[in-house]
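Working notes, structure below.
The values are calculated or read from the model by the stated rules, or taken from the named source; none is laboratory data. Just so it is clear, the structure is predicted and the values come from calculations on it, not from any experiment. Using ideal geometry, Cβ is built from the backbone for each residue, glycine included, and neighbour counts are taken over all protein chains shown. For the accessible areas, the whole protein counts, side chains as well, though only heavy atoms, and no ligand, DNA or RNA atoms are used. Shrake-Rupley method; radii C 1.70, N 1.55, O 1.52, S 1.80 Å.
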Amino acid sequence: MPAMRKPYTTDLTDVQWEILRPLIPEAKPGGRPREVDIREVMNTLLYQDRTGCQWEMLPHDLLPKSTVFDYFKRWRDDGTWQRIVDALREKVRRKAGKHGTPSVAVIDSQSVKTTEVGGEHGYDGGKMISGRKRHIAVDMMGLLLGVAVTAASADDGNAAPEVLGHLDDGRFPRLKLIYADEKYKNKALEEWLAARGDPFRVQVVSRPEGQEGFVKLPKRWVVERSLAWLGRDRRHSKDYEWCPESSETWVRISAIRGMLRRLAPDARKKSERFNYPHPKAA
């Protein structure tokens, strides 16, 4: 961070940057030496993710879109953002005394409105939302494993392979069980899993019979909490992107922020906790 710049609450701490810095790709060999401060690239993206501001409305003391978007897009397309997520997730799990890779995961989706920028979108008749749908898979700590963004009209079971297809044996050799809700009781999903040799099974967690309104369901609440965490970052209040791959990247950036805070909490900030409302208040 430049010495003269007043810090933002979204800025990386020195300890967080030391954790993240080794995961940042080196400059391409043979070209000009890298002149951009990559820590400031991350600080700019974390500011935008948290506040939801437009690229053109970034504060003048942060880096401009012309600089930052190049890294955002390049690392989106070459898989860097997902590799950072994977590396940080392993660190968080090991810090908690767990194995580096999970054996159990949870999957769910969230429909959100889009804006007038265009791009792929559809209508979710169940939620009565015109826009897109975020599909995420998380481990039992709520840490992101995979994300896919589709039109809101996509059926959850039919779209599940777009997320689960990234959970391969190489990255997740211990993964055996995926918890899901009734929407994933889907023949197309079963056929897809069978064609892959059933690397893991999907187990549906159903609502108790006769229960109405809010119910905190076993296992499924973990991914619901993770989706609620996304709501803290205003970039996710709607889907503002033309390209679904960019929407997926913002989910990964939010996940990176959350894991860095677990690994190195900022003593200046009060810890944020998410609590489900009492059933009577729902």
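Shape verdict for the stretch 60-199, please, from the Cα gyration tensor: rounded (a/c under 1.5), prolate (a/b greater than b/c) or oblate.
The shape class here is oblate.
Counting each DSSP H run of 4 or more residues in the chain as -39500 (n - 2.57), what helix-only mean residue ellipticity at 222 nm follows after dividing by all residues, to the nearest 500 deg cm²/dmol?
The helix contribution divided over the chain gives -11000 deg cm²/dmol.
So for the stretch 1-117, considering every pair of alpha-carbon atoms, how many percent are separated by more than 24 Å?
The calculated P(r) of the stretch 1-117 puts 40 percent of pairs beyond 24 Å.
Quick one: work out the % antiparallel among DSSP beta bridges in the chain, nearest 5.
Bridges in the chain that DSSP calls antiparallel: roughly 70 percent.
Over the chain, average the accessible area per residue using a 1.4 Å probe and give it in Å², no decimals.
With the other protein chains kept in place, the chain gives 52 Å² per residue.
Please state the charge dipole magnitude for the stretch 112-247, taken about the Cα centre, from unit charges on C-beta atoms (+1 on K and R, -1 on D and E), reported in debye and rounded to the nearest 20.
So the dipole magnitude of the stretch 112-247 works out to roughly 480 debye.
Excluding V149 itself, what net charge comes from residues whose Cβ is under 10 Å from its Cβ, given Lys and Arg +1 and Asp and Glu -1?
Result for the local shell: -3.
Relative contact order, percent, of the stretch 1-144 when contacts are C-alpha pairs under 8 Å separated by at least 6 residues?
16 percent
What's the longest piece of the chain with no exposed GluC sites (Glu not before Pro), counting a site as exposed if DSSP puts it in a loop and it has at most 12 other beta carbons within 10 Å?
That would be 117-208.
For the chain, what is the relative contact order in percent, using Cα pairs closer than 8 Å and at least 6 residues apart in sequence?
22 percent
For the pairs K91/K133; K133/K185; K127/K183; K73/K127; K133/K176; K73/K95, note any where the Cα-Cα span goes beyond 21 Å.
In this structure, K91/K133; K73/K127; K133/K176; K73/K95 exceed 21 Å between Cα atoms.
With a/c under 1.5 counting as rounded, go ahead and sort the stretch 116-238 into rounded, prolate or oblate using the C-alpha gyration tensor (a ≥ b ≥ c being the square roots of the eigenvalues; past the cut-off, prolate if a/b is larger than b/c, else oblate).
rounded
Quick one: the Cα spread of the chain along its three principal axes, in angstroms, biggest first?
So the extents along the principal axes, rounded to whole Å, are 61, 39, 37.
In the chain, carbon and sulfur make up what percent of the accessible area (probe 1.4 Å)?
52 percent
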